[in-house]
Amino acid sequence: MYKFKWAPILFAWVTTLTGCAQSIILEKHGLYPAANDTAYAQVYLLRPQAQRSRGVADNPVNVEMGREKLTELAQGEYVLVHIKPGETDVVARNLTYITAKPMPIEVWRARHFDFEAGHVYYILMRQDYEEFRGIYFVPEALDELQARQLAGQMSAVGALAKKHPIASAQ
């Protein structure tokens, strides 16, 4: 009887941990269009499930656009955001271990994109394992077919992505 006393606490702790793994989309961002603005690009950000555990690199990846944080993208999830047309860098930041350092450090990779109004973009946070230099996530453009294949194994997060899943993207 005594050993089951901690079962509810353990269950609550595990449930809390699994709840923290979901992606977070910031509600305000400088590149979001105004509520009545119809000129925007639809941008899907995808992060597939890792094939095996990579330690701190398994934590959510911080994705920035226009030098502002946009989302924390968890494994096996994708989000959809509306972005004002124009050129911007998409930056992926994550923690990783580097051989010569005892503590994880933040690393980043960026790619330049030119978003056009009315277009749909699919950007994969591709995991790049650089052995002694750590694990990086590289923003990489996908075509619609590649995105559909990946999205079949992923969860849509956020109101926009749930309303317009990649399988129904136009």
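Laid out as a table, the results:
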read-out: Near pairs, Cβ below 7 angstrom, 6+ apart or cross-chain, from the range 13-41 (within 19 Å of Val120 (Cβ to Cβ) and modelled with pLDDT of 90 or more) to any residue that is open to solvent by 90 Å² or more (accessible area, probe 1.4 Å) and part of a loop (DSSP other than H, G, I, E, B); value: Ala41/Glu116
read-out: The range 75-107, residues that are closer than 22 Å to Ser23 by Cα, at pLDDT below 95 and among the hydrophobic types (A, V, I, L, M, F, W, C); value: Leu95, Ile105, Val107
read-out: Members of the range 96-122 that are open to solvent by less than 70 Å² (accessible area, probe 1.4 Å), among the hydrophobic types (A, V, I, L, M, F, W, C) and more than 23 Å from Tyr32 (Cα to Cα); value: Ile98, Ile105, Val107
read-out: Any hit, the range 100-123, residues being assigned to a strand (DSSP E or B) and touching a helix residue (DSSP H, G or I) at 6+ places or on another chain (Cβ under 7 Å); value: yes
read-out: Candidates Tyr97, Tyr44, Tyr78 - the one that is more than 19 Å from Ile25 (Cβ to Cβ), in contact with a helix residue (DSSP H, G or I) (Cβ under 7 Å, 6 or more places away or on another chain) and of a type in the set (Phe, Trp, Tyr); value: Tyr97
read-out: Considering residues of the range 124-166 that are assigned to a strand (DSSP E or B) and of a type in the set (Val, Ile, Thr) only, the residue nearest to Pro48 (Cα to Cα); value: Val138
read-out: Qualifying residue in the range 123-140 (condition: among the small types (Gly, Ala, Ser) and open to solvent by 30 Å² or more (accessible area, probe 1.4 Å)); value: no
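Residue-wise test of (1) at positive phi; (2) hydrophobic (A, V, I, L, M, F, W, C); (3) touching a Leu at 6+ places or on another chain (Cβ under 8 Å).
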residue: Tyr78; (1), (2), (3): no, no, yes
residue: Glu87; (1), (2), (3): no, no, no
residue: Asn94; (1), (2), (3): no, no, no
residue: Pro102; (1), (2), (3): no, no, no
residue: Gly118; (1), (2), (3): yes, no, no
residue: Tyr122; (1), (2), (3): no, no, yes
residue: Met154; (1), (2), (3): no, yes, yes
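The values are calculated or read from the model by the stated rules, or taken from the named source; none is laboratory data. Since we're looking at a predicted model, the values are computed, not measured. Positions of Cβ are backbone-derived with ideal geometry, glycine not excepted, and every protein chain shown enters the neighbour counts. For the accessible areas, the whole protein counts, side chains as well, though only heavy atoms, and no ligand, DNA or RNA atoms are used. Shrake-Rupley method; radii C 1.70, N 1.55, O 1.52, S 1.80 Å.
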